[in-house]
Amino acid sequence: MGVKELFNLGGKVALVTGGSRGLGLQIAEALGEMGAKVALTSRKAEDLNQAAAQLHSLGVETLVIPADLSRPEAAEPLVRQVLERWGQVDILVNNAGATWGAPTVEHPLEAWDKVMHLNLRGVFLLTQAVGKLSMLPRKYGRILNVASVAGLQGNHPQMMATLAYNTSKGGLVNFTRALAAEWAPQGVTVNAIAPGYFPTKMTRGTLEMAGERILQFVPMGRLGGPEDLKGVAVLLASDASAYITGQVIAVDGGISAI
């Protein structure tokens, strides 16, 4: 098999959560460009429709399904809608996430639960449904979890405190490793990307507060750009990564190297 064929996603179906904007939409664009059909989900239908229009303009066959993955009853119906349309899910991108900034002693319990319900419980339930209904019966799948460098390390004392977010992303890193080992015999790979600082709606507050300080800790001296996740996402979603599983790849301009 040639290299171009290894990276080709023609005939594959991808489900991307949090796909209406930011990193999720960037990943969806990359998978679609390589030939995948893309199902996008997030909470707001209007945002999804705008994202779908952008993907359609690039020639990507797209399905949008509004869903709140912090609600446990949302996962299986979402997967079934994709299966009704396209019959399979080959690629699952667990990108939807929430954060909360507060000193630990002031961190509200409801905010802790909000972050954990989406960032961990939602990922578990959706991955379980995709595995049960499509990947494990077909003995094929590529699961890509969007973690964070915040799951690899703590925060500098001068940065915003985000204990729940860091904890959830650290949990997602080990979720990736444990599930990769369990599902490897079934032909399903499970890997994670750990982005550094990218300008998104979620990071807006942090970057406004400490953007210049953050850049001092980035060896490359810049924030992540709109193309910086696309290559690694295609790698981990394609057969080019058939012998890669349980890995976490930081895309952070070198932050995690120091």
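The values are calculated or read from the model by the stated rules, or taken from the named source; none is laboratory data. Remember, predicted model here, so these are calculated numbers, not experimental data. A quick note on method: Cβ atoms are made from the backbone with ideal geometry, for glycine too, and the neighbour counts reach across all protein chains shown. We work out accessible area using only protein heavy atoms, side chains counted, and drop any ligands, DNA or RNA first. Shrake-Rupley method; radii C 1.70, N 1.55, O 1.52, S 1.80 Å.
For G35, the conditions (1) open to solvent by less than 50 Å² (accessible area, probe 1.4 Å); (2) out of contact with any Lys or Arg (no Cβ under 6 Å at 6 or more places or on another chain); (3) without any contact (Cβ under 8 Å) to a residue 40 or more places away in the chain; (4) not in a loop (DSSP other than H, G, I, E, B) are fulfilled apart from (4). As a summary of the residue check, M1 satisfies the conditions (1) farther than 30 Å from W112 by Cβ; (2) surrounded by fewer than 23 Cβ atoms within 10 Å (Cβ to Cβ); (3) without any contact (Cβ under 8 Å) to a residue 60 or more places away in the chain; (4) not aromatic (F, W, Y) except for the one numbered (3).
Taking the listed residues V64, V79, the one that is at pLDDT 95 or above, open to solvent by 10 Å² or more (accessible area, probe 1.4 Å) and closer than 15 Å to T17 by Cα is V64, with no other qualifying.
Going by the structure shown, is A111 over 24 Å from F7 (Cβ atoms), free of Cβ contacts under 8 Å to residues at least 60 places away in the same chain, open to solvent by less than 60 Å² (accessible area, probe 1.4 Å) and small (G, A, S)? Explain how you work it out, then say what you get.
Working: over 24 Å from F7 (Cβ atoms): yes; free of Cβ contacts under 8 Å to residues at least 60 places away in the same chain: yes; open to solvent by less than 60 Å² (accessible area, probe 1.4 Å): yes; small (G, A, S): yes.
Spelling it out, A111 is indeed over 24 Å from F7 (Cβ atoms), free of Cβ contacts under 8 Å to residues at least 60 places away in the same chain, open to solvent by less than 60 Å² (accessible area, probe 1.4 Å) and small (G, A, S).
Based on this model, can you work out whether Q88 counts as among the polar types (S, T, N, Q) and touching a Leu at 6+ places or on another chain (Cβ under 6 Å)? No, not satisfied.
Here's the yes/no breakdown for (1) over 14 Å from the mean Cα position of the chain (by Cα); (2) farther than 30 Å from A257 by Cα; (3) not hydrophobic (A, V, I, L, M, F, W, C):
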{"residue": "G87", "(1), (2), (3)": "yes, yes, yes"}
{"residue": "N95", "(1), (2), (3)": "no, no, yes"}
{"residue": "L109", "(1), (2), (3)": "yes, yes, no"}
{"residue": "V130", "(1), (2), (3)": "yes, yes, no"}
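If you filter the range 155-189 down to residues that are among the small types (G, A, S) and closer than 14 Å to A102 by Cα, you find that the one that is surrounded by the most Cβ atoms within 10 Å (Cβ to Cβ) is A164.
One residue stands out in the range 4-25 among those that are in contact with a Phe, Trp or Tyr (Cβ under 9 Å, 6 or more places away or on another chain) and surrounded by fewer than 24 Cβ atoms within 10 Å (Cβ to Cβ): the one that is nearest to L229 (Cα to Cα), namely G22. Could you look through the range 135-154, keep only residues that are over 19 Å from N95 (Cα atoms) and either of a type in the set (S, T, Y) or in contact (Cβ under 8 Å) with a residue 40 or more places away in the chain (or both), and pick out the one that is surrounded by the fewest Cβ atoms within 10 Å (Cβ to Cβ)? Of everything passing the filter in the range 135-154, K139 is surrounded by the fewest Cβ atoms within 10 Å (Cβ to Cβ).
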